[in-house]
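Report on one structure; see the data block that follows.
The values are calculated or read from the model by the stated rules, or taken from the named source; none is laboratory data. Predicted, not measured: the structure shown is a model, and the values here were computed from it. No Cβ is skipped: glycine too gets one built from the backbone with ideal geometry, and neighbour counts run over all protein chains shown. We work out accessible area using only protein heavy atoms, side chains counted, and drop any ligands, DNA or RNA first. Shrake-Rupley method; radii C 1.70, N 1.55, O 1.52, S 1.80 Å.
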Amino acid sequence: MTSAALLLAAEKESAEVTDWAARLGWVVGLGLFVALVYWLMREGWKWRGTLQGDLPDLSTAPDDLGPVRLSMSGRYHGSTTAGQWLDRIVAHGLGTRSRVELTLTDAGLDVVRPGAADFFVPVAALREARLDKGIAGKVLTEGGLLVVTWAHGDKLLDSGFRSDHAAEHNEWVATLNSMIDKTETPTETEGAR
């Protein structure tokens, strides 16, 4: 044998044995870290709900809604403080994404959410309807989201909906805005003397 072959034979060693205790320690540590992050997120969500505890309870639909002007099925993507598309409202289940059945009548907007709290927005509380591209963590194409601004207590909220048939959004915006009486909506200059 040549010296090179002897050198190669001398360098060969058996494969290193896996240190299972160290590996198991890393896996357990990573699992505990993920659980801690999840727990912190959950506590943050609950804290946000506590901070928004001044919001009154959600209205329920009256027994007689009257004739249906529009209806649609789709998704409810959440509610935010009006004009602040990232400030999610979580109190009273308004932060829970879900399927939705919207019904618009002369009495207001009935929001039925299977698996989440239903609510009703009286026509007097409606402020504006528009098409937008995002709300609280959900971003779509331009005009892909129906956003309804409404008053709840002393706070204005934006609620985002996406129809199963996005072509319906324009009709909803036109109909909602025609129902809203702009003359009764308080302005910023009112009372400033």
Would you point out which residue out of ARG127, ARG97, ARG88 is closer than 22 Å to VAL173 by Cβ and under 17 Å from the mean Cα position of the chain (by Cα)?
ARG97
Of the conditions (1) touching a His at 6+ places or on another chain (Cβ under 9 Å); (2) not in a strand (DSSP E or B), VAL121 clears all except one; give me its number.
(2)
Hits in the stretch 76-97 (condition: of a type outside the set (S, T, N, Q), under 23 Å from ASP164 (Cβ atoms) and in a loop (DSSP other than H, G, I, E, B)):
TRP85, LEU94, GLY95, ARG97
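Table: residues versus (1) out of contact with any Phe, Trp or Tyr (no Cβ under 7 Å at 6 or more places or on another chain); (2) open to solvent by 50 Å² or more (accessible area, probe 1.4 Å); (3) acidic (Asp, Glu).
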| residue | (1), (2), (3) |
| --- | --- |
| PHE120 | yes, no, no |
| GLU142 | yes, yes, yes |
| LEU157 | no, no, no |
| PHE161 | no, no, no |
Which residue is nearest to ARG113 (Cα to Cα), if the candidates are limited to the stretch 60-86 and must be touching a helix residue (DSSP H, G or I) at 6+ places or on another chain (Cβ under 8 Å) and open to solvent by less than 70 Å² (accessible area, probe 1.4 Å)?
MET72
